[in-house]
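To keep things clear, I will list the structure first and then write my remarks on it.
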Amino acid sequence: MTEQSTDPIVIVGSGHAGVAVAAGLRTGGWDGRIVLIDSQHGMPYERPPLSKELLTPGAGEKTALLRKEDYYQARGIERITGHPVESIDPETREVVLADGSRLPYHRLVLATGSRARELPVPGADLDGVLALRTYQDGLAIQRALVPGAKVVVIGAGFIGMEVAAAAVKNGCSVTVLEFQDRVMKRVTSAPVSAFFEGLHRARGVHLEFGAAVTELQGDGRVERVLTSDGRHFEADVVVAGIGVLPNQELAEAAGVACQDGVLVDEFCRTNVPGIYAAGDVTRFTSPFSGASQRLESIQNANAQAEALVSDILGSQPRTPEVPWFWTVQHGVRLQTAGVMHPDDEVIVRGEPATGKFSVVYLREGRLASVDTVGGLTDFRPAKKLIPAGLLLDPSLVEDPAVKLEDAVTGEDPRSAILETAAALV
Amino acid sequence: MSTNTLTVVDREGQQHAVAWEPEQSLMEALRDNDLPVLASCGGTASCATCHVFLDGDIVTSLGERSEDEAELLVDAEGFSEDCSRLSCQVTFEDRLNGMTVTLAPEE
């Protein structure tokens, strides 16, 4: 156990990362005060159901909580809700709350998450233009997805496509406008995009690519969406899913180094002593690829929470888990282990027409990432093979009858070097 | 419905009496009682971090695993066809009061 303090560990943000830090500190043996600040009212909740369960017909208004209601009080985790933090004073180690009161901290954890990027076009502030980030956003979209409504989704990423799938299921007429030439281009390869495009079209979603939105029009409320090629699309509701921005302003104003995200090391320490950051708001160097990245995922929020808790408590950190992500559209699951790069070698395993296949991404012959569609057979082995940096034989990978682990051709020379080095110590 | 009491055996073999409240999945009961299940996916059968072993008869009575659950479990460490379940897929039932839940090894 490291030193205790009468000042609390203050956590700003009550999403997956913030709650995981609070819970992890307590179960890890931290006896001091923990204060969890939430700019929203209500109980901290799970994010994935907002674009999945909450938008399905007849879902009701309930959503899953991150911990049961009496958890926080029972663990002595103090909560401040509906109360944004105004500023941080790293000199005096205090946060300043909206009512002007100052709260001293022993350690400060910024888990402020990210926000939906706003459409940078005229008319983006019209009624009926929505984005999906919070529970309240989810409810607003749920109410808008009435049968017969003309829904225009801007952006064909995970969120946009999940909303589109839910909207057709609710009996809406749905058009997706995407600036790129295929769906989910940022996160997956052409074969996976093609599969999901076919799936969406078969269920009645209209997809328009190369569609740059220039303006939203309407009399107080949105009525149509204009694109740069002179077309217009009638709309009762517009849902924009064009990415997120890290909520880093609080950190920046306090002198914490940021660069499209709060910069953190492997223990989630920022450049300012006593201040940590975790979750969507952070940017860090991947221990697997060496790339600088932000990851919008629960897996990252939990992993970073664990890393920083271990740093505060002086406990042994867990081996980092390879990043992973999932989406479900029209009942079909896409689950990804690792982060692909557009230059990776793309190998399709199995026949997409069957609705169940994988795509393997090799980087310099090593397994970098796997997408599994309609099944999870390759997901778990991939999660182990990727961090091991193993070389795979492309001709074996191509054969879905060969288990992914049996396509391994040899050890990564890097791990052999590390083992030799370890033996010398 | 009243709350169930579970006996949970952790990875060190220690036993814990754990309250399982109606409307919680088994995973939520474990997580909310500070047992070390990571529950990386929040209970959507997308990871296998809430893998547990239950009595074989109970597993049989719970019915078939979903395809996703089956595929995640089959390669999980310590997988047992008879006893393995993802605890996020086990819903509260009065008749499960008093059952023993053993946490599977961590990956």
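Below, the figures for the structure above:
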item: Qualifying residue in segment B:27-37 (condition: within 14 Å of chain A (Cβ to nearest Cβ), out of contact with any Asp or Glu (no Cβ under 6 Å at 6 or more places or on another chain) and of a type in the set (S, T, N, Q)); result: yes
item: For B:Ala48: the one exception among (1) under 13 Å from the mean Cα position of the chain (by Cα); (2) more than 9 Å from every other protein chain (Cβ to nearest Cβ); (3) closer than 26 Å to A:Pro381 by Cα; result: (2)
item: Where A:Val10 falls short, out of the listed (1) touching a His at 6+ places or on another chain (Cβ under 9 Å); (2) of a type in the set (A, V, I, L, M, F, W, C); (3) more than 21 Å from A:Gln248 (Cα to Cα); result: (3)
item: Subset tally (residues that are farther than 27 Å from A:Gln293 by Cα and surrounded by fewer than 15 Cβ atoms within 10 Å (Cβ to Cβ)) for segment A:215-260; result: 10
item: Top-ranked residue in segment A:55-90 [being within 15 Å of A:Thr134 (Cβ to Cβ) and within 21 Å of the chain's Cα centre (by Cα); ranked as farthest from the other protein chains (Cβ to nearest Cβ)]; result: A:Leu55
item: Some residue of segment B:76-85 being touching a residue at least 12 places away in the same chain (Cβ under 8 Å), within 9 Å of another protein chain (Cβ to nearest Cβ) and surrounded by fewer than 22 Cβ atoms within 10 Å (Cβ to Cβ); result: yes
item: Cβ pairs under 7 Å, 6+ apart, first in segment A:377-391 and away from chain B (no Cβ under 11 Å) and in a strand (DSSP E or B), second modelled with pLDDT under 90 and surrounded by fewer than 23 Cβ atoms within 10 Å (Cβ to Cβ); result: A:Leu391/A:Thr409; A:Leu391/A:Gly410; A:Leu391/A:Asp412
item: A:Val264 being among the hydrophobic types (A, V, I, L, M, F, W, C) and out of contact with any strand residue (DSSP E or B) (no Cβ under 8 Å at 6 or more places or on another chain); result: no
item: Residues satisfying the stated conditions in segment A:30-54, i.e. within 11 Å of chain B (Cβ to nearest Cβ) and at pLDDT 95 or above; result: A:Tyr45
item: Residue within segment A:164-182 that is crowded, with 18+ Cβ neighbours inside 10 Å and within 16 Å of the chain's Cα centre (by Cα) present; result: no
item: Verdict on A:Asp399 being assigned to a strand (DSSP E or B) and either on the phi < 0 side of the Ramachandran plot or more than 14 Å from chain B (Cβ to nearest Cβ) (or both); result: no
item: Top-ranked residue in segment B:6-23 [being open to solvent by less than 20 Å² (accessible area, probe 1.4 Å) and over 26 Å from A:Arg380 (Cα atoms); ranked as farthest from the other protein chains (Cβ to nearest Cβ)]; result: B:Leu6
item: Filtered residue count, segment A:116-137, keeping only those that are within 16 Å of the chain's Cα centre (by Cα) and either over 30 Å from A:Ile9 (Cβ atoms) or loosely packed, with under 15 Cβ neighbours inside 10 Å (or both); result: 3
item: Positions within segment A:359-372 being touching a residue at least 40 places away in the same chain (Cβ under 8 Å), of a type outside the set (A, V, I, L, M, F, W, C) and open to solvent by less than 10 Å² (accessible area, probe 1.4 Å), in sequence order; result: A:Tyr361, A:Asp371
item: Odd one out for A:Leu132, checked against (1) within 14 Å of chain B (Cβ to nearest Cβ); (2) within 30 Å of A:Phe233 (Cβ to Cβ); (3) in contact (Cβ under 8 Å) with a residue 24 or more places away in the chain; result: (1)
item: Of residues in segment B:58-75 being in a helix (DSSP H, G or I) and within 14 Å of chain A (Cβ to nearest Cβ), the one farthest from B:Ser46 (Cα to Cα); result: B:Val74
item: Qualifying position, being of a type in the set (S, T, N, Q), assigned to a loop (DSSP other than H, G, I, E, B) and surrounded by fewer than 17 Cβ atoms within 10 Å (Cβ to Cβ), among A:Thr92, A:Thr63; result: A:Thr92
item: In segment A:265-286, the residues that are under 18 Å from the mean Cα position of the chain (by Cα) and open to solvent by 20 Å² or more (accessible area, probe 1.4 Å); result: A:Asp280, A:Arg283, A:Phe284, A:Thr285
item: In segment A:1-27, the residues that are part of a loop (DSSP other than H, G, I, E, B) and either closer than 30 Å to A:Asp137 by Cα or modelled with pLDDT under 95 (or both); result: A:Met1, A:Thr2, A:Glu3, A:Gln4, A:Ser5, A:Thr6, A:Asp7, A:Gly13, A:Ser14, A:Gly15
item: B:Phe92 being among the hydrophobic types (A, V, I, L, M, F, W, C), away from chain A (no Cβ under 14 Å) and in contact (Cβ under 8 Å) with a residue 12 or more places away in the chain; result: no
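Yes or no, residue by residue, for (1) acidic (Asp, Glu); (2) within 13 Å of chain B (Cβ to nearest Cβ); (3) touching a residue at least 40 places away in the same chain (Cβ under 8 Å); (4) open to solvent by less than 10 Å² (accessible area, probe 1.4 Å):
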| site | (1), (2), (3), (4) |
| --- | --- |
| A:Glu296 | yes, no, yes, no |
| A:Ala305 | no, yes, yes, yes |
| A:Val309 | no, yes, yes, no |
| A:Val328 | no, yes, yes, no |
| A:Val339 | no, no, yes, no |
| A:Pro352 | no, no, yes, no |
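The values are calculated or read from the model by the stated rules, or taken from the named source; none is laboratory data. Remember, it's a predicted structure, so these values are computed and weren't measured experimentally. No Cβ is skipped: glycine too gets one built from the backbone with ideal geometry, and neighbour counts run over all protein chains shown. Each accessible area value is taken on the protein alone, full model and side chains, heavy atoms only, with ligands, DNA and RNA left out. Shrake-Rupley method; radii C 1.70, N 1.55, O 1.52, S 1.80 Å.
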